[in-house]
């Protein structure tokens, strides 16, 4: 119940000019991705309900492409990526499949990478580091963690996942999206803006994957975070609510040797120029010390 959604810009609705490529994941799922720029590989892992046509990263990737080979991909079941997940929806299985997907993208782009994750994508990036992904260093923006249940999922989180699963299985994607956004506390004005743009229909088209994000949250604990070994910078927006910035502080506190930085921004979002500057400085300078 702790994941969050940032409203993508209208620019991210445009078809990306870069050629779409695919990488085969371990279970046969085809993961679609695009590459821009040249330099060290940097893979961007998007949040719940987002994919390349509705991306949190379009403006960011353009700035980062001045310094990096930037890889954006559709997480499984979203956009041009397939999904051979089957019926096993245990948290461990869901995490492992999505880690395998990310590993396939990294393998297709040289075998090691910097990784930046946003919201639930940040949690996935952290799990990938723990499970052996060749991560040079990573940055995570406002990873959602239940600080009231540090050793495992709370009863509220599990109840949220059960109801979300029921809605997904019913096939009612509108109700699934409504429930998800309401329960995770997305502000009413943000939801209203989503409904007034193509964001709503695009997010609704992948709302069946929201249960994956919830299960990834369930799999996250202080013990898992303490096992992260990659150099890590935890970020938050100074304009976010206390619960989101508090989650970031909790994550930073549990990851050994991590740094924590607040950047100028709005609710659950940081301006591209500020975020790109922080990522570039950390990856190309601080993380190499």
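The values are calculated or read from the model by the stated rules, or taken from the named source; none is laboratory data. A quick note: this is a predicted structure, and the numbers were derived from the prediction, not measured. Backbone-built Cβ (ideal geometry, glycine too); neighbour counts: all protein chains shown.
In the stretch 132-155 there is no residue matching the filter, namely being out of contact with any helix residue (DSSP H, G or I) (no Cβ under 9 Å at 6 or more places or on another chain) and either at positive phi or at pLDDT 95 or above (or both). Scanning the stretch 94-113 turns up at least one residue that is part of a strand (DSSP E or B) and modelled with pLDDT of 95 or more. Out of all the residues in the stretch 72-86, is one or more buried (at least 20 other Cβ atoms within 10 Å of the Cβ), modelled with pLDDT of 95 or more, under 16 Å from the mean Cα position of the chain (by Cα) and outside any loop (DSSP other than H, G, I, E, B)? Scanning the stretch 72-86 turns up at least one residue that is buried (at least 20 other Cβ atoms within 10 Å of the Cβ), modelled with pLDDT of 95 or more, under 16 Å from the mean Cα position of the chain (by Cα) and outside any loop (DSSP other than H, G, I, E, B). The C-beta contact set for the stretch 182-196 (first residue in contact (Cβ under 8 Å) with a residue 12 or more places away in the chain and on the phi < 0 side of the Ramachandran plot, second residue outside any loop (DSSP other than H, G, I, E, B) and surrounded by 13 or more Cβ atoms within 10 Å (Cβ to Cβ), distance under 8 angstrom, 6+ apart or interchain) comprises 183/160; 193/199; 194/181; 194/200; 194/203. Taken over the stretch 121-145, the residue count meeting the criterion of being in contact (Cβ under 8 Å) with a residue 60 or more places away in the chain and either out of contact with any strand residue (DSSP E or B) (no Cβ under 9 Å at 6 or more places or on another chain) or not in a helix (DSSP H, G or I) (or both) is 13. Criterion applied to 262, 237 was being without any contact (Cβ under 8 Å) to a residue 60 or more places away in the chain and touching a strand residue (DSSP E or B) at 6+ places or on another chain (Cβ under 6 Å), and the one residue passing it is 262. Can you tell me which residues in the stretch 157-181 are farther than 18 Å from residue 89 by Cα and surrounded by fewer than 18 Cβ atoms within 10 Å (Cβ to Cβ)? Passing the criteria: 172, 174, 175, 178. Scanning for something under 18 Å from the mean Cα position of the chain (by Cα), assigned to a loop (DSSP other than H, G, I, E, B) and in contact (Cβ under 8 Å) with a residue 12 or more places away in the chain, does the stretch 146-168 turn up at least one residue? Yes, the conditions are met somewhere in the stretch 146-168.
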